[in-house]
Amino acid sequence: KQEVTQIPAALSVPEGENLVLNCSFTDSAIYNLQWFRQDPGKGLTSLLLIQSSQREQTSGRLNASLDKSSGRSTLYIAASQPGDSATYLCAVVDSGGSNYKLTFGKGTLLTVNP
Amino acid sequence: NAGVTQTPKFRVLKTGQSMTLLCAQDMNHEYMYWYRQDPGMGLRLIHYSVGEGTTAKGEVPDGYNVSRLKKQNFLLGLESAAPSQTSVYFCASRTWTGAGELFFGEGSRLTVL
């Protein structure tokens, strides 16, 4: 059974700092990995999706990497801003005949202080 | 492009009442999911569907029923609501090929008194 862990559960940084959020998974046979952002009381917004054949994806100040062999993904946020404060979740889709199966981590609560 | 639309967005029920949450997607996605999100519990899968006419149980299916009579719609029903079903419910959909990106609805906040 796939298990997804996000460490740390909470992170507080000063504005302008570069930071890394971590996502680890136990079964490397994945179809894709997706990072989401959730603001308090809101839905989940997709940030980046990395397919199993890819190593990284970039969007603006965000860069997500994937290392299937070690079962890890990182989300790098450059020059953090108070508006980046939110909960960040990663989700893994299993490969093959089970590619309907999604497993979410519990998220990292990020606070960027002005 | 509406994406994934959930209705209603808010609802208050009394214990024992029934209701249906509707999820509609206009992206021709095969897979659809219903999750609930509670503080400290993360997202928990209630039911899912891999195609029109199919449904399957997730990790917390008790007290809920689902139907997918049309490919674009996935209904979540509560036959006899209980206070433990107070939660925020999210619907999501994705295709089984290509990138397989998951799209979420905005959520439905349900309170059972």
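Out of the DSSP beta bridges found with both residues in the protein assembly as shown, what percent are antiparallel (nearest 5)?
90
Apply the Karplus curve 6.51 cos²θ - 1.76 cosθ + 1.60, θ = phi - 60°, to the phi angles in segment B:90-97 and return the couplings in whole Hz, x for Gly and Pro.
10, 9, 9, 8, 7, 8, 8, 10
Round to a whole number: what % of the accessible area of segment B:38-113 belongs to carbon and sulfur, probe 1.4 Å?
Carbon with sulfur: 55 percent of the solvent-accessible area.
Could you point to the residue in B:F10, A:A91, A:A10 farthest towards the positive end of the protein assembly as shown's charge dipole, with +1 and -1 charges on the Cβ of Lys/Arg and Asp/Glu respectively?
B:F10
Give me the distance between the Cα centres of segment A:33-92 and segment B:34-74, rounded to whole Å.
25
For chain B, what is the accessible area per residue in Å², given a 1.4 Å probe and the full set of protein chains?
That works out to 48 Å² per residue.
Please average, across the residues of A:37-49, the number of beta carbons from any other chain that are within 10 Å of each residue's own beta carbon, and give a whole number.
Mean inter-chain Cβ contacts per residue within 10 Å come to 3.
If R0 is 25 Å, what FRET efficiency do you get for B:D62 and B:L22 from their C-beta distance, rounded to 0.05?
The calculated FRET efficiency here is 0.75.
Can you list the HN-Hα couplings for segment B:76-84, worked out from phi with the Karplus curve (6.51, -1.76, 1.60; θ = phi - 60°), rounded to whole Hz and with x for Gly and Pro?
For segment B:76-84, the Karplus-derived couplings read 10, x, 10, 6, 9, 4, 10, x, 5 Hz, x marking Gly and Pro.
The values are calculated or read from the model by the stated rules, or taken from the named source; none is laboratory data. Only a predicted model underlies this, so the values are computations on that prediction, with no experimental measurement involved. Neighbour counts are summed over all protein chains in view; Cβ atoms, including those assigned to glycine, are modelled from backbone coordinates with ideal geometry. When the accessible area is computed, the model is the full protein with side chains, heavy atoms only, and any ligands, DNA or RNA have been set aside. Shrake-Rupley method; radii C 1.70, N 1.55, O 1.52, S 1.80 Å.
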